[in-house]
Amino acid sequence: MPTLYFTVLFVIAVVAMVGTKLWLASRQIRFVAAHRDNVPPQFAGTIALSAHQRAADYTVERTRLTMIEIVVGAVVLIALTLLGGVQTIDLAIDDWVGNGYVAQILLVAAVIAVTSVIDLPFDYYRQFGIEQRFGFNRMTKRIFFLDRIKGVLLGAAFGLPLLVVVLWLMNQAGTYWWWWTWVVWVVFQMLVLILYPTFIAPMFNKFEPLKDEALVHRIDALMKRCGFAAKGLFVMDGSRRSAHGNAYFTGFGSSKRIVFFDTLLSRLSGSEIEAVLAHELGHFKRRHVIKRMVVTFLISLAMLALLGWLAQRTWFFEGLGVRPSMSGSNDGLALVLFFLAVPVFLFFVTPLGSLTSRKHEFEADAFAATQADARDLVNALVKLYEDNASTLTPDPLYTAFYYSHPPASQRIDRLLRHA
């Protein structure tokens with residue numbers, strides 16, 4: 001493919017992506033605002049108009065910030081690629097340390113650092129502006145920055161060894177280096193799944209065994225009915241950072257554990273918690289977790305194969321504003337450009353992933369209705385929608401494109417059929 005053709009294709013894709021994102025976001029804002037003063041009929045007796053309006057305002061504020069992020073992200077992407085940002089960084093590092101493994105690692109780290117620094121003000125405003133204004137933020141500035149520092153240290157501890165191995169394979173493993181890299185990637189992902197509950201998560205939150213004996217007995221009975229075994233039931237101090245509530249499974253194999261936010265336990269009754277947990281168990285019983293892992297691994301294999309092909313094409317580098325080295329290695333450059341450019345093209349398949357995820361949520365709800373009272377799950381969802389200020393009236397097209405969970409009205413309508 002001639003260089004100019006690829007550049008034009010990339011620019012068209014960026015413009016189409018940004019235009020689509022902004023159009024969808026503006027639709028969401030208009031739709032939510034238009035329905036701000038009317039609670040949907042399904043929730044008329046359970047959610048107050050003031051709570052509905054608060055959720056609408058919260059959604060609009062977050063979406064407006066997202067629109068700014070979209071524009072800034074596009075500017076940064078073009079600056080790094082077509083305007084020579086990556087090229088400038090690469091040349092500076094080459095003058096400093098040459099063109100070896102160290103230079104390639106520094107290049108990847110520098111680009112990650114640039115994008116992370118640009119994202120930081122948005123994260124800060126989202127936490128201490130929007131979340132604070134709507135009463136969700138319980139995080140101090142000290143915790144905010146400590147979390148980022150811990151994230152950087154963890155990223156270096158896990159990411160740098162992985163990056164070194166990948167660069168070595170790209171340089172030494174021959175034409176099919178991408179296959180061996182995929183094997184390493186799969187092993188790495190499985191290792192993270194195993195280590196996350198006991199090593200990574202405790203660096204950010206405190207976890208204590210669930211002490212409510214009646215609730216423990218209820219959950220144990222549910223897990224026995226479902227044929228599910230977990231290593232433990234834990235309560236996480238989510239209230240230390242946010243007023244949002246949640247529950248989740250974490251870990252893999254024998255390391256699986258069930259985690260409840262303390263904010264969730266303070267709001268739901270025992271039967272409602274059981275229903276929420278039955279929904280989460282539904283994902284395991286319907287093998288959604290395994291299916292998603294398989295799909296993710298297959299997509300990563302395809303992407304690595306594509307990278308293996310593109311890394312041999314001069315037009316790939318030049319079309320994104322970079323002159324590849326004629327004498328040294330371009331592996332670090334290939335990685336950086338690939339992970340900058342590919343999300344632009346993958347954006348247009350987002351609705352497929354969202355559709356699959358919503359289908360899985362409906363299936364998990366249906367399973368929960370066989371193991372617990374569907375009305376308890378409905379009551380729990382209503383409380384969670386209200387407490388988390390989730391809009392009850394999202395734009396249908398925005399929902400179809402982005403939402404991993406079905407809209408509240410659709411989800412509750414289906415659950416009531418099982419009641």
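For the chain, give me the percentage of DSSP beta bridges that are antiparallel, rounded to the nearest 5 percent. Of the beta bridges lying entirely in the chain, close to 65 percent run antiparallel.
Among the listed pairs K359/K383; K211/K231; K256/K285; K211/K291; K206/K359, which have their C-alpha atoms separated by more than 25 angstrom in this model? Flagged as over cut-off: K211/K291; K206/K359. Loop-located trypsin sites (Lys or Arg not before Pro) across the stretch 289-324 with a Cβ neighbour count of 15 or fewer within 10 Å are R313, with loop assigned by DSSP. At the listed q of 0.13, 0.15, 0.17, 0.24 Å⁻¹, the Debye profile of the stretch 160-248, built from one uniform point per Cα, gives log10 I(q)/I(0) equal to -0.68, -0.77, -0.86, -1.20.
Look at where the Cα atoms of the stretch 292-348 and of the stretch 4-74 average out, and the two centres are 30 Å apart.
Under a 5 Å amide H cut-off, with hydrogens placed 1.01 Å from N, T81 pairs with V86 among residues at least 5 apart or on other chains. Working note: Karplus 6.51/-1.76/1.60 with θ = phi - 60° gives the stretch 277-290 the couplings 5, 4, 4, 5, 5, x, 5, 6, 5, 8, 6, 5, 4, 5 Hz, where Gly and Pro are set to x. With the simple model of a label 7 Å out from the Cα in the direction of the Cβ, S239 to L9 spans 5.5 nm. All C-alpha pair distances within the stretch 1-98, sorted into 5 Å bins from zero, spread as 2, 11, 14, 14, 12, 10, 9, 7, 6, 5, 4, 3, 2, 0 percent across the bins. If you take the Cα centroid of the stretch 351-386 and the Cα centroid of the stretch 176-240, the two points sit 21 Å apart. In this label model, T350 and R64 are separated by 2.1 nm, measuring between points 7 Å along each Cα→Cβ vector. Site pair A173 and V186 shows an inter-label distance of 1.2 nm when each label is modelled 7 Å from Cα along Cα→Cβ.
Gyration tensor over the Cα atoms of the chain: the corresponding equivalent ellipsoid has semi-axes (square roots of 5 times the eigenvalues, largest first) of 41, 26, 21 Å. Report note on the peptides 382-390, 350-358: ranked by the mean count of other C-beta atoms within 10 Å, highest first, their order is 382-390, 350-358.
Rg and Dmax over the alpha-carbon atoms of the stretch 170-311 stand at 19.0, 59 Å.
Go ahead and estimate [θ] at 222 nm for the chain from helices alone: -39,500 (n - 2.57) per DSSP H run with n ≥ 4, summed, over the residue count, rounded to 500. Result for the chain, helices only: -23000 deg cm²/dmol.
Computed from the coordinates by the stated procedures, all read-outs in this text should not be read as laboratory data. Predicted, not measured: the structure shown is a model, and the values here were computed from it. Note: ideal-geometry Cβ built from the backbone for every residue, glycine included; neighbour counts use all protein chains shown.
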